[in-house]
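Q: Next up is a structure, given as structure tokens.
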Amino acid sequence: DAKANGRGRWSFFDNSMQEHVQTKDKMSRALRQAIDNDALDIAYQPQCDSSANQIVAVEALARWDHPELGAISPSSFIPLAEETGMINDLGLWILRRACRDAHQWPDVVISVNVSPTQFKHPRFVETILETLEEYNLPPSRLEIEVTESVFAGQAQTILTSMRRLKDRGVKVALDDFGSGYSSLSYLRTFPFDTLKIDRDFISNMDQGIEAQAILTTIIQLGQALGMTIVAEGIETSEQLKFLADSGCHRMQGYYISRPLPDNALTAFLEDHELNAAMQDTVNASVQ
Ligand code: C2E
Ligand code: MG
Ligand code: MG
Ligand code: MG
């Protein structure tokens with residue numbers, strides 16, 4: 001009857017809820033272990049300058065290879081770390097590893113994603129500066145990426161932290177610009193060095209004149225404010241060309257390279273340098 005049916009539905013719901021909670025609990029314990037046992041990893045995605053001749057920066061992207069479940073996306077384990085209060089430890093692990101690895105690529109800026117919780121931590125700036133010192137990395141080699149979700153509250157704390165980082169030479173980038181309720185007043189109030197245009201704008205670019213108009217306008221706005229403009233999610237040569245022609249400074253995306261393990265990045269940089277040198281020779285002989 002209807003009542004039994006109803007009860008059945010509820011108990012089914014309860015079970016799946018409970019399973020969900022158990023899975024989450026298991027996952028968060030596994031993540032805790034991965035952080036404590038150095039079992040996380042970083043993939044580095046190159047960013048080239050607009051002429052594509054030089055790799056000027058790399059973005060550090062957290063990776064977690066679970067022993068049974070395989071690779072888990074940061075889009076799931078970063079929010080899990082946020083929810084369970086592990087994000088500060090995870091973020092510090094990534095920061096330290098990135099600063100350590102950075103010595104392998106002397107002329108490249110390392111861009112590290114930082115969650116709003118980390119950024120708002122009272123010792124955030126000290127932690128950054130101490131880590132740079134510990135790994136003997138010049139502050140100018142580090143860029144911090146935050147998304148606009150950082151602006152939910154504590155504007156004064158954020159502003160103070162940004163200024164202190166800037167004073168020391170650490171760059172701060174606004175990530176995924178345009179993806180949420182981006183307000184232009186953020187750009188006026190907060191002294192970002194770098195503006196990363198959200199991937200959606202790049203992938204929609206081929207769909208017409210409106211998307212292109214928005215892109216060129218964002219680039220001009222960033223330029224007018226003296227910011228470095230980075231485009232991410234570039235997958236085609238057409239996209240790369242359009243963005244370079246529009247004045248975008250740094251290019252990131254599968255078309256240039258997928259995110260790479262540190263040793264693969266070293267090989268990629270060597271290849272890239274060689275190709276650029278050969279290209280120069282070809283250009284010189286043509287002229
Ligand atoms: P994000 O910071 O916007 O990073 C860019 C994402 O786009 C990366 O996904 C990258 O692999 C992907 N991507 C790059 N080029 C292309 C392309 O040409 N096409 C497509 N379709 N995708 C491309 P990933 O590595 O899965 O990271 C997802 C998000 O997780 C990041 O977005 C970032 O918000 C977060 N995340 C990753 N690592 C960390 C970390 O160490 N700390 C924090 N707080 N967040 C992180
Ligand atoms: Mg990222
Ligand atoms: Mg990012
Ligand atoms: Mg992004």
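For (1) among the hydrophobic types (A, V, I, L, M, F, W, C); (2) surrounded by 12 or more Cβ atoms within 10 Å (Cβ to Cβ); (3) assigned to a helix (DSSP H, G or I), each residue gets a yes or a no:
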position: I144; (1), (2), (3): yes, yes, no
position: S149; (1), (2), (3): no, yes, yes
position: Q156; (1), (2), (3): no, no, yes
position: A173; (1), (2), (3): yes, yes, no
position: S182; (1), (2), (3): no, yes, no
position: L187; (1), (2), (3): yes, yes, yes
position: P191; (1), (2), (3): no, yes, no
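Q: Would you check if A71 is open to solvent by less than 80 Å² (accessible area, probe 1.4 Å) and modelled with pLDDT of 95 or more?
A: Criteria not met by A71.
Q: Further question on the same structure: Restricting attention to segment 213-246, and to residues there that are among the small types (G, A, S) and out of contact with any Lys or Arg (no Cβ under 7 Å at 6 or more places or on another chain), which single residue is most open to solvent (accessible area, probe 1.4 Å)? Break it down stepwise before answering.
A: Kept after step one, since they are among the small types (G, A, S), are these residues of segment 213-246: 213, 222, 224, 226, 231, 233, 237, 244, 246.
This time we only want the ones that are out of contact with any Lys or Arg (no Cβ under 7 Å at 6 or more places or on another chain), so: 213, 222, 224, 226, 231, 237, 244, 246.
Working: A213: 49, G222: 0, A224: 88, G226: 66, A231: 0, S237: 53, A244: 33, S246: 25 Å².
Per the stated criteria, the residue is A224.
Q: Restricting attention to segment 81-111, which residues are more than 17 Å from the chain's Cα centre (by Cα) and open to solvent by less than 50 Å² (accessible area, probe 1.4 Å)?
A: M86, W105
Q: If I go through segment 43-59 residue by residue, how many of them are in contact with an Asp or Glu (Cβ under 8 Å, 6 or more places away or on another chain) and within 16 Å of ligand 4 (Cβ to nearest atom)?
A: 5
Q: Moving on. So, P106, is that one closer than 30 Å to A277 by Cβ, without any contact (Cβ under 8 Å) to a residue 12 or more places away in the chain and not in a strand (DSSP E or B) or not?
A: Numbers: closer than 30 Å to A277 by Cβ: yes; without any contact (Cβ under 8 Å) to a residue 12 or more places away in the chain: yes; not in a strand (DSSP E or B): yes.
Taking the combined requirement at face value, the residue satisfies it.
Q: Which of the residues spanning segment 193-212 are away from ligand 3 (no atom under 16 Å from the Cβ), open to solvent by less than 50 Å² (accessible area, probe 1.4 Å) and not hydrophobic (A, V, I, L, M, F, W, C)?
A: G208
The values are calculated or read from the model by the stated rules, or taken from the named source; none is laboratory data. Please read these numbers as outputs of a predicted model, since none were measured by experiment. All Cβ positions, glycine included, derive from the backbone under ideal geometry; neighbour counts span all protein chains shown. The protein model used for the area step is the full one, side chains on, heavy atoms only, and it has no ligands, DNA or RNA in it. Shrake-Rupley method; radii C 1.70, N 1.55, O 1.52, S 1.80 Å.
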